[in-house]
Amino acid sequence: MITAERMAAVDENAAALGVPRKQLMESSGNAVAAAVRRVADPDDSVALVCGRGNNGGDAFVAARFLDDYDATVHLLGRPETISTDIARENWTALERAEYDSRVVRDSRDLDLGAPDVVVDAMLGTGVAGALREPERSAAAAINESGATVLAVDVPSGVDADTGEAAGVAVDADHVVTFHDAKPGLDDWDVTVADIGIPETAELFAGPGDRRVLTRPGDAHKGDFGEVLVVGGGPYTGAPALAAQAAMRAGADLVRVACPRAVAREVQGFEAGLILRPFDGDRLTAEGLDHVRTLAADHDAVVFGPGLGDHEATLAAVGDFLADYDGRAVIDADALQVVPEVETEATLLCTPHQGELRGMGGPSADDWRARLDAVADFAADIGHTLLVKGAYDVISDGADARANRTGNPGMTVGGTGDVLAGMAGALLSTQEPVDAATLAAYANGLAGDRIVDRQGYGLLASDLLPELPRALWGGADE
């Protein structure tokens, strides 16, 4: 089962793996044609009603596999407004090959005739909300046709994730959908077609995972999260790196709660950091009221960088988590407390394999075996895990993913603090597995670019200027 948003990410990841979208469209169109043959009798008339996106492109391809039928392709809108290159290429192929392809410039001009089968290829899983013209009138015409109706991917007007319609929707008899079932299609006769998307496009983090990030033009300060980093004491660089990474990852505001004894040193790493120190030279129970008050005003907390493992500090971490019900990334020495605490908090834990064993978690040399074992452990403790390694593995117990960006140069100290800070920024706006996946991918990609440019010997701080492009992409990729 896969949501529309996740399916779009998987499509993009497949393209990044070297499986072109044009090839996937060819496979999808072939699957649509096969579905038509299952519901149509020989010599039946088939009307394919097509939108101007890739859903319509799938039907353009299908038409080429339906020469044994009286097939007519109806394009809703002008050919020059077809929205993707691959769909436009397949429309051009129909015209040049002199298939019966008709342009419907006005919904009042749509004439389906008396088809035996109608293929609804107007809108795919990426479109939700009430149908607009010309799709609304076309949906009504399809429903009134009396033909057997086959929908491509999802009946137009139906939300693939919920199965609900906001108005007029195509009343499909059958649906052919691709790669995996969609959550909202339980009430339809659905065929799931394998179109050749590799398993790794869904399993491995890739550029498609960036799709969860948005920056609307009318955004306001605070829309992209406020993050509190709680750390420092024995170490001063760790909380500073985590906080700077959260800023580079797009958080609107980042504050650092650290012992007053080291606040000046932490501040010295970056003038833009907002310091909210507590008394003492390490976190203890006496500083918790201050930290709790700050945490309540933030979208996510990054807890652990540089805190150390003093008995009083670990006790304070446990007390904080026991009372906290927000979102937090837990890193470094604070991780060992997590399995011992009952908490209502939503936690994203970022251990390396040694720290995972310290939490009572599993150990496995093979990354696939480790992924399965981490998924079981995540389900046991009820929190999301991002276990760092040559292949990072991520699971909340239900969903499991892996990441293979990164390189041996990233074994240097501080890279985990950067990852934790970035994860905190992402967790403030995203679901934990998505935040973990994207943080791991971007952190490793930033490291790969540095090593490609200068070789090994990178510093954790070298990652910081690379993070924005690794997260958001760039024209030179």
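The values are calculated or read from the model by the stated rules, or taken from the named source; none is laboratory data. Since we're looking at a predicted model, the values are computed, not measured. In this analysis, Cβ positions are derived from the backbone assuming ideal geometry, glycine residues included, and neighbour counts consider all displayed protein chains. Ligands, DNA and RNA are stripped out before the accessible areas are found, and what is left, the full protein with its side chains, is counted by its heavy atoms. Shrake-Rupley method; radii C 1.70, N 1.55, O 1.52, S 1.80 Å.
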Item to complete: Measure out, as a whole number of angstrom, how far apart the alpha-carbon centroids of segment 279-334 and segment 434-454 sit.
Response: 27 Å
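With contacts defined as alpha carbon pairs under 8 Å and 6 or more residues apart, what's the relative contact order of segment 4-203 in percent? Don't skip to the answer; put the middle values down first.
Working: 426 pairs, mean separation 42.8, N = 200.
Computed over segment 4-203, the figure is 21 percent.
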Discussion item. Using each residue's phi in segment 10-16, evaluate 6.51 cos²θ - 1.76 cosθ + 1.60 at θ = phi - 60° and report the 3J(HN,Hα) Karplus result to the nearest Hz, with x for Gly and Pro.
Written reply: 5, 4, 5, 5, 4, 4, 5
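For the pair D452 and R215, what calculated FRET efficiency results from E = 1/(1 + (r/R0)^6), where r is the Cβ-Cβ distance and R0 = 35 Å, to the nearest 0.05? Working shown, then result.
Working: r = 27 Å, r/R0 = 0.78.
It comes out at approximately 0.80.
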Worksheet item: When the distances between all Cα atoms of the chain are binned every 20 Å from zero, what whole-number percent does each bin get?
Response: 23, 43, 26, 7, 0
Worksheet item: Using a Förster distance of 35 Å, how high is the FRET efficiency between E199 and D279, based on the Cβ-Cβ distance and rounded to 0.05?
Response: 0.10
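Summing -39500 (n - 2.57) over the DSSP H runs of n ≥ 4 in the chain and dividing by its residue number, what mean residue ellipticity at 222 nm do you reach, to the nearest 500 deg cm²/dmol? Don't skip to the answer; put the middle values down first.
Values: 15 runs with 171 residues, N = 477.
One gets -11000 deg cm²/dmol as the mean residue ellipticity at 222 nm.
With an 8 Å cut-off on Cα pairs and a minimum separation of 6 or more residues, tell me the relative contact order of segment 12-70 in percent.
Numbers: 47 pairs, mean separation 25.0, N = 59.
Relative CO of segment 12-70 lands at 42 percent.
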Worksheet item: Which angle from 0 to 90°, rounded to the nearest 10, does the C-alpha axis of helix 415-427 make with the longest principal axis of the chain?
Response: 50 degrees
Worksheet, complete the sentence: When every protein chain stays in place and a 1.4 Å probe is rolled, S363, S107 sorted by accessible area with the largest first are S363, S107
Response to the item:
Of all GluC sites (Glu not before Pro) in segment 138-199, the ones in DSSP coil with at most 12 other Cβ atoms within 10 Å are E164
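Please identify every one of the trypsin sites (Lys or Arg not before Pro) in segment 206-265 that sits in a loop by DSSP and has no more than 14 other beta carbons within 10 Å of its own beta carbon. List each step's numbers first, then the result.
Details: sites: R210, R211, K221, R248, R255, R260, R264; in loops: K221.
The qualifying sites are K221.
Scan segment 93-151 for trypsin sites (Lys or Arg not before Pro) in coil per DSSP, keeping those whose Cβ has at most 14 other Cβ atoms within 10 Å, and list them by number. Before the final figure, lay out each step's value.
Details: sites: R96, R102, R105, R108, R132, R136; in loops: R105, R132.
Those that pass, being in a loop and sparsely packed, are R105, R132.
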Worksheet entry | DSSP beta bridge pairing in the chain, given as percent antiparallel to the nearest 5 | 15 percent
Worksheet entry | Between 0 and 90°, nearest 10: helix 85-96 axis offset from the chain longest Cα axis | 10 degrees
Response to the item:
Note on segment 216-472: alpha-carbon gyration tensor, axes a ≥ b ≥ c; rule is a/c under 1.5 for rounded, else prolate if a/b larger than b/c, else oblate; result rounded
Worksheet item: Is the shape of segment 345-467 best called rounded, prolate or oblate, per the rule: a/c under 1.5 gives rounded, else a/b larger than b/c gives prolate, else oblate, with a ≥ b ≥ c the square roots of the Cα gyration tensor eigenvalues?
Response: prolate
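With all distinct Cα pairs included, what does the Kirkwood hydrodynamic radius of segment 1-75 come out to in Å, to one decimal, could you say?
Numbers: mean 1/r = 0.0749 Å⁻¹.
Computed over Cα pairs of segment 1-75, the Kirkwood hydrodynamic radius comes out at 13.4 Å.
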